[in-house]
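The values are calculated or read from the model by the stated rules, or taken from the named source; none is laboratory data. From a predicted model like this one, the values you see are computed outputs, not experimental measurements. Counting neighbours? That spans all protein chains shown, and the Cβs are built from the backbone with ideal geometry, glycine included.
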Amino acid sequence: MVRSLAQWTKTLSFPSRISPNKISRENVNTVNPTISSNSLYPSCLKHNNEISNIMSDSNILIKDVNQIYSDQDSEKSIMRSVVYCIHHKEGCKWSDELRKLKAHLNTCKHDTKPCSSNCGAQIPRVLMEDHLKYTCLHRRAKCEFCTKDFTGESLESHIGHCGYEPIYCENKCGLKIQRRVLSQHKSSDCFKRLVACRYCKKDFVADTMATHHVKCGRVPVVCPNRCEITDLIREDMELHLKDQCTISLLNCSFKEAGCRFKGPRYLMDKHLEENSSQHLSLVCTLVTKQQHQIASLKSALSHLSLNYSGTLIWKVGDFAAKMSEAKTKEGMELVSPPFYTSQYGYKLQASLFPNGNGAGENSHISIYIKILPGEYDALLRWPFAHSVSFTLFDQSTCPEKACNIMESFIPDPTWKNFQRPSIEPDSLGFGFPRFVSHEMMKKRNFIKDDTVFIRVRVDPSKIVAV
Ligand SMILES: [Zn+2]
Ligand SMILES: [Zn+2]
Ligand SMILES: [Zn+2]
Ligand SMILES: [Zn+2]
Ligand SMILES: [Zn+2]
Ligand SMILES: [Zn+2]
Ligand SMILES: [Zn+2]
């Protein structure tokens, strides 16, 4: 912005700060440069054009200054004031009287002048050579890539579009390719371009395709057995060998039963046909073996769930049905799960005749205890001498009013039933043929929900001295 003279004269305030009478030529050098430059060239007067304009119109300046300072000497002494070059901040060290400034600016290397090639730019003298060479819009220049001639202006629009300029491939393959052939490179040569696998049709980076083909499931493969199949692909191979390939060696389907035949699939039907009776007998042997296994597992399981407490609570459900069956079927006996008197004790089992037995037949339920062959019999004292009690529970909802029926006995050591049992289970027991009458069974809550509960307890403390 170029200020008007009026503005300029107002901005300057030199008379009061630097009195020309007081500043002698000798002490010029001692004038504080800050005061000197600030006073005479405030920041608003940086452009040399302003000063040039003012200086070239010195008549007006003088006239104006005269209007303010009537003293002619004042003006002269102002012009003799020592100042810095207006380009002091850019590095010009010149400092002299104000009147010599204009002449200095004509040669000051920091002062601007119009470009000598008439591009219109204002360029400091010191930068003119560079400007003409590198940035002037009117310079003549060659494109370094296509070597064509351009003016500076057209080169600027050419740069960034020159077809011969090598630029980095956008696929990040690391190559620099001339712009004119880049798209061809990206679509057909670049090893980082995406390519569809010709077998599975999925896209892969070109340089990983070889690795992909090693595992691609759709790649055609040859059956290792060289069978007649020709259109096999990798992902179907496992299934082919297992279920389809006629040459695959197979085990006979009766392998588990013991057949050791192994042969190609196409021979298998013949083998099965010719060996059906052998296979059948193998299967029978297997079934027998498995039955034994099942039996031993069952016994292991029942062993795990055995009761070693000496007390059995025996739940007899569907009692009405069992009772009516007993009435039509003579000697029908229900037996309880076996139980032990202690962990290494006697093995016992209760038996119940719903329609009675012996003296209680047709009128009472009878209950007995049997001694079964147990695992620790060899170490136990014989005959068995613990007292045994049987309790029929009254299942009243009010436990205080319940009235159970209990019978107990102490074994007679002379009875053969209490000697050590033989390995074959003994059907004989000992107990009460007239335990509870059928009349009594109907009373109270001995039968509830068609179920009766009987407790059999062996008291190990009550041992009869032999
Ligand atoms: Zn200068
Ligand atoms: Zn220029
Ligand atoms: Zn070019
Ligand atoms: Zn590339
Ligand atoms: Zn593939
Ligand atoms: Zn095959
Ligand atoms: Zn076989």
- Message: Need pairs with beta-carbon distance below 9 Å; first residue under 13 Å from Val126 (Cα atoms) and within region 87-115, second within 16 Å of ligand 6 (Cβ to nearest atom); sequence gap 6+ or separate chains.
- Response: none
- Task: Mind telling me which of the residues Leu306, Leu297, Leu301 ends up being among the aliphatic types (A, V, I, L, M), modelled with pLDDT under 95 and within 30 Å of Met406 (Cα to Cα)?
- Result: Leu306
- Query: Is it true that Phe339 is more than 22 Å from Val452 (Cα to Cα) and either without any contact (Cβ under 8 Å) to a residue 12 or more places away in the chain or crowded, with 20+ Cβ neighbours inside 10 Å (or both)?
  - Reply: no
- Note on the structure: Looking across region 84-119 at residues that are more than 30 Å from Arg139 (Cβ to Cβ) and part of a loop (DSSP other than H, G, I, E, B), the single one that is nearest to ligand 2 (Cβ to nearest atom) is Trp94
- Message: So, in region 237-263, exactly how many residues are over 39 Å from the mean Cα position of the chain (by Cα) and among the acidic types (Asp, Glu)?
- Response: 1
- Quick one: in region 73-83, which of the residues that are part of a helix (DSSP H, G or I) and not hydroxyl-bearing (Ser, Thr, Tyr) is farthest from ligand 4 (Cβ to nearest atom)? Asp73
- Query: Among Cys284, Cys259, which is more than 16 Å from ligand 3 (Cβ to nearest atom), part of a loop (DSSP other than H, G, I, E, B) and either modelled with pLDDT under 90 or not assigned by TED's automatic domain parsing to the domain that holds Phe446 (or both)?
  - Reply: Cys259
- Condition set surrounded by 14 or more Cβ atoms within 10 Å (Cβ to Cβ) and of a type outside the set (S, T, N, Q), scope region 168-179, selection farthest from ligand 3 (Cβ to nearest atom): answer is Cys173
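Does any residue of region 166-181 turn out to be part of a strand (DSSP E or B), in contact with a strand residue (DSSP E or B) (Cβ under 6 Å, 6 or more places away or on another chain), closer than 30 Å to Arg218 by Cα and outside the structural domain of Glu75 (by TED's automatic domain parsing)?
Among the residues of region 166-181, not one is part of a strand (DSSP E or B), in contact with a strand residue (DSSP E or B) (Cβ under 6 Å, 6 or more places away or on another chain), closer than 30 Å to Arg218 by Cα and outside the structural domain of Glu75 (by TED's automatic domain parsing), which makes the answer no.
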